[in-house]
There are 2 protein chains.
Amino acid sequence: MEKIDIEKNGFVYPMPIALLGTKIEDKVNFMALGWVMRACMNPPLLTVSVNKNHLTSKAIRKNKTFSVNFPNVDMIEKTDYCGLVSGKMTDKSDLFEIYYGNLKTAPMIKKCPLSLEYKLIDIYEMPTSNLFIGEIKSTYTEKQYLTDNKPDIKKINPAVLTMPDNNYWTVGKKIAKAWNIGKNLKKDD
Amino acid sequence: MEKIDIEKNGFVYPMPIALLGTKIEDKVNFMALGWVMRACMNPPLLTVSVNKNHLTSKAIRKNKTFSVNFPNVDMIEKTDYCGLVSGKMTDKSDLFEIYYGNLKTAPMIKKCPLSLEYKLIDIYEMPTSNLFIGEIKSTYTEKQYLTDNKPDIKKINPAVLTMPDNNYWTVGKKIAKAWNIGKNLKKDD
């Protein structure tokens, strides 16, 4: 079928959905986050994109630490709420039970099955958003979410996000092993 | 249950899985890509992280264009293969039927339901990988993958990737509308 050019404003398909945790003036704040990725294997760096006007940008610059928390599907209403209201206008500090890890100033959400904490390394400036590049300092989870000492997606039950239709989805069934199924196509083995 | 710190090498959970297309010395090349995200809304920027040693890094620097193609689950074997073999050693130019868009030098995969083409804007250097920041120039799809003129995940049927367990997964069922379900928690409405 014929290819059509639909728009310049295309999105990654699908995106993870996470909650970006910061602390500012003794208040914790969480922002809904779909623009997040691993940036470097060694050292373990991650990058997030945050709109310049968001309170989160100010908080990361000030405290130089932040967290990325992966909610399960049962938390989708609260996760979406964090994307609807600004920390400038609404205090989100009572929304979740929180804890701190080694960095002490990056609040994490107890109910999230998986949370990573970061130390800010650098900021890459763009017109409307900035990339915050952070070094992963710890990955927090609970024994109940692990299989063979690794996070198990069936136990964690995270969501993914699609734009511009703006929907949240579950993760479905296993298709194949990565760095493995493709071996069938190798001619020299 | 008690939180445990499992590692510094944590990952985004889950990640999209895409194929990064480049052209180098008249050959097209595709790399399996999980480290990709939107970076800025206006202008529409995207960033990908690519290991410095990959042929893809050289190709993007040279041609200053690249593509990100989202395969469907039926293409997972070929997608994984692109992550297993280096373009330096193996010619991957016959693996897919390709086409070009407006930029002319960013090869895209016909069978992928959704492909975006980018013009390189900047490179952010890190120890083992670099971020390539690209401006989205076009989003290519086919009418059969659209509902209400937007990409429809049930028609596109993409995969997601989890690490470090290294598995591919389907996307499951719709949970809720984004920027909507959270309104239930607003107190001032």
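The table below gives the values:
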quantity	calculated
Base-10 log of normalised Debye intensity for the range B:128-189 (one unit scatterer per alpha-carbon) at q = 0.26 Å⁻¹	-1.09
Residue-averaged beta-carbon neighbours from other chains (10 angstrom radius) around B:44-51	5
Per-copy distances of the B:Lys88 label point, shortest first, in nm (7 angstrom along Cα→Cβ)	4.8
Average other protein chain Cβ within 10 Å of Cβ, residues B:144-157	3
Candidates per trypsin sites (Lys or Arg not before Pro) in the range A:114-189, loop by DSSP, up to 10 other Cβ within 10 Å	A:Lys187
Teacher prompt: B:Ile4 distances to equivalent labels in other copies, 7 Å Cα→Cβ, nm	5.2
Simple Cβ-charge dipole of the range B:1-147, Lys/Arg +1 and Asp/Glu -1, about Cα centre, in debye nearest 20	500 debye
At 7 Å out from Cα toward Cβ: B:Lys104 inter-copy label distances (nm, ascending)	5.9
Spatially proximal aspartates and glutamates relative to B:Lys111 (Cα-Cα < 17 Å; intrachain offsets below 8 disregarded)	A:Glu2, A:Asp5, B:Asp74, B:Glu77, B:Asp80, B:Asp94, B:Glu97, B:Glu142, B:Asp152
Computed Rg/Rh of the protein assembly as shown, alpha carbon atoms with Kirkwood Rh	0.95
Test item: Cα-centred dipole of the range A:112-189, Lys/Arg +1 and Asp/Glu -1 on Cβ, debye	540 debye
Reach of B:Lys110 by Cα under 17 Å, taken over lysines that are not fewer than 8 positions away in the same chain	A:Lys3, B:Lys23, B:Lys27, B:Lys78, B:Lys92, B:Lys143, B:Lys155
Global size of chain B as Cα Rg and Dmax, reported in angstrom	17.9, 61
Loop-located chymotrypsin sites (Phe, Trp or Tyr not before Pro) in the range A:152-189, at most 16 other Cβ atoms within 10 Å (DSSP)	A:Trp179
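Each reported figure results from applying straightforward, stated rules to the coordinates on display, with no laboratory input. Being a predicted model, the structure only gives us computed values, none of them experimental. Note: ideal-geometry Cβ built from the backbone for every residue, glycine included; neighbour counts use all protein chains shown.
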